[in-house]
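Participant: Got a structure for you, questions after.
The values are calculated or read from the model by the stated rules, or taken from the named source; none is laboratory data. Everything quoted here is computed from the prediction, not taken from an experiment. Using ideal geometry, Cβ is built from the backbone for each residue, glycine included, and neighbour counts are taken over all protein chains shown. Heads up: the accessible areas ignore ligands, DNA and RNA and are worked out on the full protein's heavy atoms, side chains in. Shrake-Rupley method; radii C 1.70, N 1.55, O 1.52, S 1.80 Å.
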Amino acid sequence: MKTAFIVLAACAVAAPAFAQEPVGCDKFKWPLDKERATLNGTDLPKIASGASVTFPIPFGTIVALVPFADAKLPAPPERAPKSPDTFAGYFEVPAPKQAGSYKITLSAEGWIDVTQAGQAVKSTAFSGAVGCEGVRKSVKFDLAAAPFTVELSGVKTDSIKLAVSGN
């Protein structure tokens, strides 16, 4: 019985260590140097939630968010925010020049959903790390050459820097 308790206690102590995300800019699964430089820039255009951007891909922007309850997202997030006291928003993006894999990279923690032609687009890959100034998360989506909507939720602050880029 004593041995079982020790093993159980050791597992309980070790479990959080396994759940921790990688630390450092070199821990992302793919290079994000360009996105990091963009997101650390000081001249990013600001857009409001619900805006339609006119700039072509690749681009970076600061998205002004609203409390989740007031966000009026076009579609419910695939994953509900961990806290109701978070922020959310969305914006429309013109069609990419060609179909392919595109990255959406965030400066801080948040959830990303993408829709195209009214349908959810499943992510194809995810990479996250902490301790990297300017970049927290990057998600890849296979997009058609058609306009799409980016929805953000679960963000702890009322704005977030975001980059959309090709693969």
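Participant: What is the ratio of the Cα radius of gyration of the chain to 2.2 N^0.38 Å, with N the residue count, to two decimals?
Facilitator: 1.16
Participant: In deg cm²/dmol and to the nearest 500, what is the mean residue ellipticity at 222 nm of the chain if only DSSP H runs of at least 4 residues count, each as -39500 (n - 2.57), divided by the residue total?
Facilitator: Calculated at 222 nm, the ellipticity per residue is -4500 deg cm²/dmol.
Participant: Give, to the nearest whole percent, the P(r) tail of the stretch 74-167 beyond 20 angstrom, counting all Cα pairs.
Facilitator: So the portion of pairs separated by more than 20 Å is 32 percent.
Participant: For the stretch 115-167, which whole-number percentage of the solvent-accessible area (1.4 Å probe, protein heavy atoms only) is attributable to carbon and sulfur atoms?
Facilitator: About 51 percent, which is the carbon plus sulfur part of the accessible surface.
Participant: Given Cα positions, please report Rg to Rh for the stretch 31-104, the hydrodynamic radius being the Kirkwood one.
Facilitator: Answer for the stretch 31-104: 0.99.
Participant: Another question, then. Going by average Cβ density within 10 Å per residue, which order do the peptides 29-35, 155-161, 110-116 take, highest to lowest?
Facilitator: Top to bottom by mean Cβ count within 10 Å: 110-116, 155-161, 29-35.
Participant: Also: Among Pro56, Ala75, Tyr102, whose Cα lies farthest out toward the positive end of the dipole of the chain, if unit charges sit on the beta carbon of Lys, Arg (+1) and Asp, Glu (-1)?
Facilitator: Working it through, the farthest residue towards the positive pole turns out to be Tyr102.
Participant: Among the listed pairs Lys72/Lys156; Lys72/Lys97; Lys34/Lys156; Lys140/Lys161; Lys46/Lys72, which have their C-alpha atoms separated by more than 22 angstrom in this model?
Facilitator: Violating the 22 Å limit, Cα to Cα: Lys72/Lys97; Lys34/Lys156.
Participant: Here's something else I'd like to know. If you put +1 on each Lys and Arg Cβ and -1 on each Asp and Glu Cβ, how big is the dipole of the chain around its Cα centre, in Debye rounded to 20?
Facilitator: 340
Participant: Working from the alpha-carbon coordinates of the stretch 99-143, get Rg over Rh, Rh being the Kirkwood radius.
Facilitator: My calculation puts Rg/Rh at 1.01.
Participant: Taking a probe of 1.4 Å, how large is the accessible area per residue of the stretch 81-146, in Å²?
Facilitator: Roughly 45 Å² per residue, with all protein chains present.
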